[in-house]
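Written out below as C-alpha cells is the structure these notes cover.
The values are calculated or read from the model by the stated rules, or taken from the named source; none is laboratory data. Bear in mind the structure is a predicted one, so any value in this text is a computation, not a measurement. Please note: Cβ atoms are built from the backbone with ideal geometry, for glycine as well, and neighbour counts cover all protein chains shown. For the accessible areas, the whole protein counts, side chains as well, though only heavy atoms, and no ligand, DNA or RNA atoms are used. Shrake-Rupley method; radii C 1.70, N 1.55, O 1.52, S 1.80 Å.
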Number of protein chains: 2
Amino acid sequence: MKIYFAASIRGGRSDVKIYQKLIDFLNQDNQVLTEHIGNDNLSVTSQSQTDDKYIRDRDINWLKETDLVVAETSNPSLGVGYELGYAERLHKPVVILHNSTKSQLSAMINGTDYFKDIFEYQTVDEAIEILKNYRGIQN
Amino acid sequence: MKIYFAASIRGGRSDVKIYQKLIDFLNQDNQVLTEHIGNDNLSVTSQSQTDDKYIRDRDINWLKETDLVVAETSNPSLGVGYELGYAERLHKPVVILHNSTKSQLSAMINGTDYFKDIFEYQTVDEAIEILKNYRGIQN
C-alpha cells in the first residue's frame, strides 16, 4: 500500500533519525511516498515561492493517492497540522504517533473525532511495534 | 467584524507578548474571538481528551462564524496548521504574519495559492502597520 509519512521539516529536524527508522520499517512492505522526510541531508530552506508551490502541490497529490497517512507529531509543525486537516478532508485513514515526553499534542488534533488512532510512544522500537500491530498496515 | 486570531499554544508560548499586542490592536475596532491566546497565564496543558474535544469544537465553531482569520506563524504549531487548512476549506479570508528571523514558513502554507496575504514582519509595530493597511480589517 501507499503511505504518506508526515513529519516536521521546517518546524525542526531534531527527530530526523526517528523518521528515517519509521520510514525504513514502513518501506519494507509498503511504498512510502514521502521518504525524503527521513533524509538527513534534505534541504529545509526555501529557494522561492515557486519552489514552495511545487512542494505543496506534489505533497497534496501524494495525499490524494495515498492509502494511509502516518504522522509523527512530537515536533510542532505547521505543515503536519495542515496535512492532517487535509487528510481529514479527503477521508484518508490516519495514524498519529506522538511522544509526549517531547511535547503535548495540540488540542486541535487530539480533540478531533476523526483522529481516533493516536498512539503514544517513547522509543522507536515502541513506535514500530505500534505500526506492526495496526490493522490498516501491511506487514 | 469578528476575527479569529490563530497562534501557537502547545507548540510554544515564547511569543505570547507579541500575540497580546496584536490582539489588543485588533480588539480596538473588532471582536477577537480567540483573545485567550494572548493570555500569559493560559493553561496550555490538557486535562483530558474531553477537554481537548471541547477546545477543538469551540474553536471550529468560532472559525465558522468569523469574518477573518489572522494567523501568527513564526512559532511552528500543529494547531495553527490545522486551523489554516480549515479556514481554506471554509473559504475564510486569511492574513498570515510571519517573522522569518525566527523560522522559515512551511512550504505547505507558503506554497498554497489560497494563502495570498502572507506578510513578513520583524517588530510588533511593523505587524500592526501591516494590519492597519490591510483592506479587509476595520480600523
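In segment A:108-139, which residues are open to solvent by less than 70 Å² (accessible area, probe 1.4 Å) and assigned to a helix (DSSP H, G or I)?
Across segment A:108-139, the qualifying residues are A:M108, A:I109, A:N110, A:V124, A:A127, A:I128, A:I130, A:L131.
Got at least one residue in segment B:47-57 being surrounded by fewer than 17 Cβ atoms within 10 Å (Cβ to Cβ), free of Cβ contacts under 8 Å to residues at least 40 places away in the same chain, among the basic types (K, R) and at the interface with another protein chain (Cβ under 7 Å from one of its Cβ atoms)?
yes
For every residue, the table says whether it meets (1) under 30 Å from A:E120 (Cβ atoms); (2) within 14 Å of another protein chain (Cβ to nearest Cβ).
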site: B:A6; (1), (2): yes, yes
site: B:Q20; (1), (2): no, no
site: B:D24; (1), (2): no, no
site: B:N30; (1), (2): no, no
site: B:S43; (1), (2): yes, yes
site: B:N61; (1), (2): yes, yes
site: B:T66; (1), (2): no, no
site: B:V69; (1), (2): no, yes
site: B:E72; (1), (2): yes, yes
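State all residues of segment B:83-101 that are within 15 Å of the chain's Cα centre (by Cα), outside any loop (DSSP other than H, G, I, E, B) and of a type outside the set (F, W, Y); if no residue qualifies, say none. Talk me through it step by step, then tell me what you get.
Here is the first cut: in segment B:83-101, the ones within 15 Å of the chain's Cα centre (by Cα) are B:83-88, B:92-99.
Filter again for outside any loop (DSSP other than H, G, I, E, B), leaving B:83-88, B:94-98.
Within segment B:83-101, B:E83, B:L84, B:G85, B:A87, B:E88, B:V94, B:V95, B:I96, B:L97, B:H98 meet the criteria.
Can you tell me which residue in segment A:93-107 is nearest to the other protein chains (Cβ to nearest Cβ), limited to those that are touching a strand residue (DSSP E or B) at 6+ places or on another chain (Cβ under 8 Å) and open to solvent by 20 Å² or more (accessible area, probe 1.4 Å)?
Step by step, filter segment A:93-107, then rank; the result is A:S100.
B:V80 is checked against (1) of a type in the set (A, V, I, L, M); (2) free of Cβ contacts under 8 Å to residues at least 40 places away in the same chain; (3) outside any loop (DSSP other than H, G, I, E, B) and fails just one. What number does that condition carry?
The one condition B:V80 does not meet is (2).
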